[in-house]
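Q: Let me give you the structure first, and then I'll get to my questions.
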Amino acid sequence: MTQHLDRRHFLGLAGMTASAAALAACGGPSTSGTPAATEAAEIDFNGVKPAAKIDFWSNHPGKSQDVEKAIIEKFHAKFPDIKVNLVTAGANYEEIAQKFQTSQAAKTGLPGLVVLSDVWWFRYFTNGSIIPVDALVKQLDIKLDDFRKSLVDDYKYSDKQWALPYGRSTPLFYYNKDHFQAAGLPDRAPKTWQEFGEWAPKLKASSGAQYAYIYPALAGYAGWTLQNNLWGWGGSWSKEWEITCDSPESIEALQWAQDSIYKNGWAGVSSKEAADDFSAGLTSSTISSTGSLLGVLKSAPFNVGVGFLPGGPKAETNVCPTGGAGLGIPSGISKEEQLAAGTFLKFMTEPENSAAFSAATGYMPTRESADMTAVLAQTPQIQTAMDQLAVTRVQDNARVFLPGADQELAKAAAAILTQQADVKSTMTNLKKTLEGIYEKDVKPKLG
């Protein structure tokens, strides 16, 4: 994906920190730190011997613990002098962030390799908590040009590579084929939300499900998936650093979403995990990560369909954000541990293992040369996620670069979709909050 110049400039600034107090309030890790990530000198690993043991911190995205263990076993067979210990560092990306922050502060117990989410990874970058992997890429001959460019470039800033893609995803539109057939609907995802609005009453009337559609749990990643709705209506959380969540287009998009629940009565909001609600037959459709694909296909007792995210009245395509996580190496460990971690990082992201991870989870393969023939023969739905990658869009700055903003987006979405709060006033208040974060924690750093 083409990154915005202002975004590159922002991330290239040395010594950027964010408000620890604001982050403590929203439950995220502090971004205060000392070393400036952009000033990190290239590490010389010549003559360094890899450490005998490292920890790999993961939240096992897409229920990937078994495939992670299998890849580690293969690694041990090839590199018997390096032991990788798989650690469940949290149930989600936020818990990993907290654990990583705690270890950073204590200056002990750091992993060799850590999962970094799309929202949290840059905070480690800005406070110097991770190293650029360029020297390891060169020394270990990691084929960067074989990674899917739009995915690997997400971690490239200030002419340095700060992580490699791992469990990368887009949201997908999941639908119950049996329900769609019973309602006399075409066997495909809707092209627009307006089209689905026409389908929804038919689904509600014929399916026996409680909802025609269920919105993803708002306590999780509402700011991620709702970008689809905003973009389809011509709105956004922000345009560059201008907060636009209160624009007429954004308000119209969220009003439509609220109306689908309270006025039209065909939509609901998941209390925990929309993919599980869908698999259980509670709803005829939902939006969930590609990382949920394999779990849904295994657990749903009906025929599952997947498709691109619907567009809106202003945009029918390029309304899908990327997401997921990459893998990074901490700066606060020895060169020996960093080299061992780099060796494992290379192995973990090899084409064969990328294909295996995709086959086990539904996440997109991160390598161009990954042989997906067998995977697609068994799970052809993964092709939809791979195809949708070509029409994705860079996430709004307000979600991924304003510290603590993702939680504020989720709170505002919850007020609108679960408490029937006034959309305009909620978005006006959200804008003030986001602008406050920008003015305090970002603007002074832009110079």
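Q: Would you mind telling me which residue in T349, T384, T108 has the biggest mean-square fluctuation in a Gaussian network model of the chain, where springs connect alpha carbons within a distance under 10 angstrom?
A: Looking only at T349, T384, T108, the biggest GNM fluctuation is shown by T108.
Q: Pull out a ≥ b ≥ c, the square roots of the eigenvalues of the alpha-carbon gyration tensor of the range 201-346, then state rounded if a/c is under 1.5, prolate if not and a/b is larger than b/c, and oblate in the remaining case.
A: oblate
Q: What whole number of Å gives the distance from the Cα centroid of the range 167-188 to the Cα centroid of the range 78-92?
A: 36 Å
Q: Still on this structure: Run the reach check for K63 against lysines, Cα to Cα strictly under 22 Å, same-chain hits fewer than 8 apart removed. What comes back?
A: In chain and number order, the partners are K74, K99, K272, K298, K346.
Q: Counting other beta carbons within 10 Å of each Cβ, put V114, V133, V304 in order, fewest first.
A: Result, fewest neighbours first: V304, V133, V114.
Q: Based only on other Cβ atoms within 10 Å, what is the fewest-to-most ordering of V115, V319, V87?
A: V87, V319, V115
Q: Continuing with the same structure: On a 0 to 90 degree scale, rounded to 10, what angle separates helix 423-437 from the longest Cα axis of the chain?
A: 10 degrees
Q: Moving on. For L282 and K432, calculate 0.36 nm times their separation in residues minus their Cα-Cα distance, and state this gained length in nm to one decimal.
A: 50.3 nm is the gain from fully extending L282 to K432.
Q: Can I ask one more? Only helical DSSP H runs with n ≥ 4 go in: add -39500 (n - 2.57) per run for the chain, normalise by residue count and round the 222 nm mean residue ellipticity to 500 deg cm²/dmol.
A: -13000 deg cm²/dmol
Q: Report the extension gain between N46 and T108 in nm, rounded to one decimal, defined as 0.36 nm multiplied by the number of residues separating them, less their alpha carbon distance.
A: Full-extension gain reported as 19.8 nm.
Q: Between K239 and A91, how high is the FRET efficiency from 1/(1 + (r/R0)^6) when r is the Cβ-Cβ distance and R₀ = 30 Å? Nearest 0.05.
A: Efficiency computed from Cβ-Cβ geometry: 0.35.
Q: Counting pairs of alpha carbon atoms under 8 Å apart in space and at least six apart in sequence, what relative contact order in percent does the chain give?
A: After rounding, I find 24 percent.
Q: So for the pair K149, K443, with labels modelled 7 Å out along Cα→Cβ, what separation do we get in nm?
A: 3.7 nm
Q: Two decimals is fine: what's Rg over Rh for the range 305-444, C-alpha atoms, Kirkwood radius as Rh?
A: Here the Rg-to-Rh quotient is 1.07.
Q: OK, next. In whole angstrom, note down how far apart the Cα centers of the range 357-376 and the range 251-266 are.
A: 37 Å
Q: Here's something else I'd like to know. I want to check a number: in the range 114-203, how many lysine pairs have alpha carbons closer than 30 Å, given a sequence separation of 8 or more or different chains?
A: For the range 114-203, qualifying lysine pairs total 10.
Q: Would you work out the charge dipole size for the range 325-420 about its Cα centre, treating the Cβ of every Lys and Arg as +1 and the Cβ of every Asp and Glu as -1, and quote it to the nearest 20 debye?
A: Computed charge dipole of the range 325-420: roughly 220 debye.
Q: Using 0.36 nm times the number of residues separating N303 and K263, minus their current alpha carbon distance, what extension gain do you get?
A: Using 0.36 nm per residue and subtracting the Cα-Cα distance, I get 11.4 nm.
Q: Please identify, among W231, W162, W199, the residue showing maximal mean-square fluctuation in a Gaussian network model of the chain using a 10 angstrom Cα cutoff.
A: Looking only at W231, W162, W199, the biggest GNM fluctuation is shown by W199.
Q: Here's another thing I want to ask about it. Quote the relative contact order of the range 121-174 in percent (integer), defining contacts as alpha-carbon pairs under 8 Å separated by 6+ residues.
A: 33 percent
Q: Going by how many other Cβ atoms sit within 10 Å of their own, how do H60, H76, H179 line up, fewest first?
A: H76, H60, H179
Q: Can you check what the net charge comes to around P61, using other residues whose Cβ is under 15 Å from the Cβ of P61 (Lys, Arg +1; Asp, Glu -1)?
A: Result for the neighbourhood of P61: -3.
Q: If you don't mind, another one. Towards the positive end of the charge dipole of the chain, with charges on Cβ (+1 Lys, Arg; -1 Asp, Glu), say which of G332, Q161, I251 has the farthest Cα.
A: After comparing all options, I get G332.
Q: Using a Gaussian network model on the chain with a 10 Å cutoff between Cα atoms, which of A200, A356, A183 fluctuates the most?
A: Taking springs between Cα atoms under 10 Å, the residue moving most is A183.
Q: Relative contact order (percent) for the range 48-118, with alpha-carbon contacts under 8 angstrom and 6 or more residues of separation?
A: With pairs under 8 Å counted, the relative contact order is 45 percent.
Q: Where both residues lie in the chain, what percent of DSSP beta bridges are antiparallel, nearest 5?
A: Expressed as a percentage, antiparallel bridges in the chain total about 60.
Q: What area, in nm² and to one decimal, does the C-alpha convex hull of the range 408-447 cast on average over all directions?
A: 2.8 nm²
Q: Another question, then. What fraction, in whole percent, of alpha-carbon pairs in the chain exceed 40 Å separation?
A: 17 percent
A short reminder: the numbers here are calculations on the coordinates, not readings from a lab. The model shown is predicted, which means the values in this text are computed figures rather than measured ones. Cβ coordinates were reconstructed from backbone atoms using ideal geometry, including for glycine residues, and neighbour counts include every protein chain displayed.
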